[in-house]
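Everything below concerns the one structure shown next.
The values are calculated or read from the model by the stated rules, or taken from the named source; none is laboratory data. Just so we're clear, the structure is a prediction, and the values are computed from it rather than from any experiment. Note that we place each Cβ from the backbone using ideal geometry, even for glycine, and neighbour counts take in every protein chain shown.
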Amino acid sequence: MIPVLVVDDEVQIRKLLRLYLEKEGYEVFEADGLEEGLRQFGAVKPGVVLLDLGLPDGDGRDLLLAVRRRGDVPVIVLSVRDSEEEITGLLDAGADDYLIKPFGVGELMARIRVAVRHRGLGSPEGRPLRVGLLEVRFDTREAFRDGAEEHLTPTEWSILEMLVRNSGKILTRNQILREVWGPDMAGDYNSLRVYVNQLRKKIEAEPSVPRTLLTEPGVGYRLKLES
């Protein structure tokens, strides 16, 4: 069983999450504050952390930063705070995902599965992979649509590979810009938007109504692959 550490000062939320997590086969540990969360993290060594931000003895962001200093355990933030700036800042600081309260339990379980599955994975393997309308081979940098080869530019390949490697997760615009173009391009959202629109023309049936390369408004993008 994968141990899950729930850090939240609301008893009812912890009880609800324990009920559903245990039903899904996870082992659940609880903390009601920042210090207890840090203690439990060191003792339990969880496979994933569910983290509230408004803790009675500090801000959950401090626990996120402490977790990141100690390793790459997936952290999913659960909070009532809904400002784009705060969400983007937490994702850039190392959070794997962010859900605004109240949230659907089914959605949370799906996000947990994604975080656990993709943590630590490298580049996509050489086997063909379906990305929207394309069949893609990253090892040979070939893509086919209805049997015909589709040309992707080097930048499109880099963006697509990063999205595939993190499929199901939110990637902020600055995370993509820094990895694909370098730190000097952070904040150049227009350039990124142009390339995302080009990719959508190649992988989406209706680029104006995307079903594979999804926009998280004000934050970034998320790739949804077929099961």
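Some observations on this one:
- Residues of the range 126-177 classified as part of a strand (DSSP E or B) and under 12 Å from the mean Cα position of the chain (by Cα), total: 2
- Look at (1) surrounded by 13 or more Cβ atoms within 10 Å (Cβ to Cβ); (2) over 26 Å from Asp72 (Cβ atoms) and you find that Pro217 fails only one, number (1).
- Under the condition of being buried (at least 23 other Cβ atoms within 10 Å of the Cβ) and either of a type in the set (Phe, Trp, Tyr) or touching a Ser or Thr at 6+ places or on another chain (Cβ under 8 Å) (or both), the residues counted in the range 54-90 number 1.
For every residue, the table says whether it meets (1) at pLDDT below 95; (2) among the hydrophobic types (A, V, I, L, M, F, W, C); (3) assigned to a strand (DSSP E or B).
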{"position": "Phe29", "(1), (2), (3)": "no, yes, yes"}
{"position": "Leu38", "(1), (2), (3)": "no, yes, no"}
{"position": "Arg69", "(1), (2), (3)": "yes, no, no"}
{"position": "Leu90", "(1), (2), (3)": "yes, yes, no"}
{"position": "Gly94", "(1), (2), (3)": "yes, no, no"}
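- Condition check for Val209: outside any strand (DSSP E or B), among the β-branched types (Val, Ile, Thr), under 16 Å from Glu156 (Cβ atoms) and at pLDDT 90 or above: no
- Residues in the range 1-27 that are more than 20 Å from Pro102 (Cβ to Cβ) and buried (at least 18 other Cβ atoms within 10 Å of the Cβ) were compared, and the one that is modelled with the highest pLDDT is Leu5.
- Listed conditions (1) under 17 Å from the mean Cα position of the chain (by Cα); (2) assigned to a loop (DSSP other than H, G, I, E, B); (3) of a type in the set (A, V, I, L, M, F, W, C) are all met by Val116, apart from (2).
- Single residue of the range 147-161 satisfying the filter (of a type in the set (A, V, I, L, M, F, W, C) and either touching a helix residue (DSSP H, G or I) at 6+ places or on another chain (Cβ under 8 Å) or farther than 15 Å from Leu134 by Cα (or both)) that is surrounded by the most Cβ atoms within 10 Å (Cβ to Cβ): Ile159
- Single residue of Leu19, Leu108 found to be touching a residue at least 12 places away in the same chain (Cβ under 8 Å), within 20 Å of Pro3 (Cα to Cα) and part of a helix (DSSP H, G or I): Leu108
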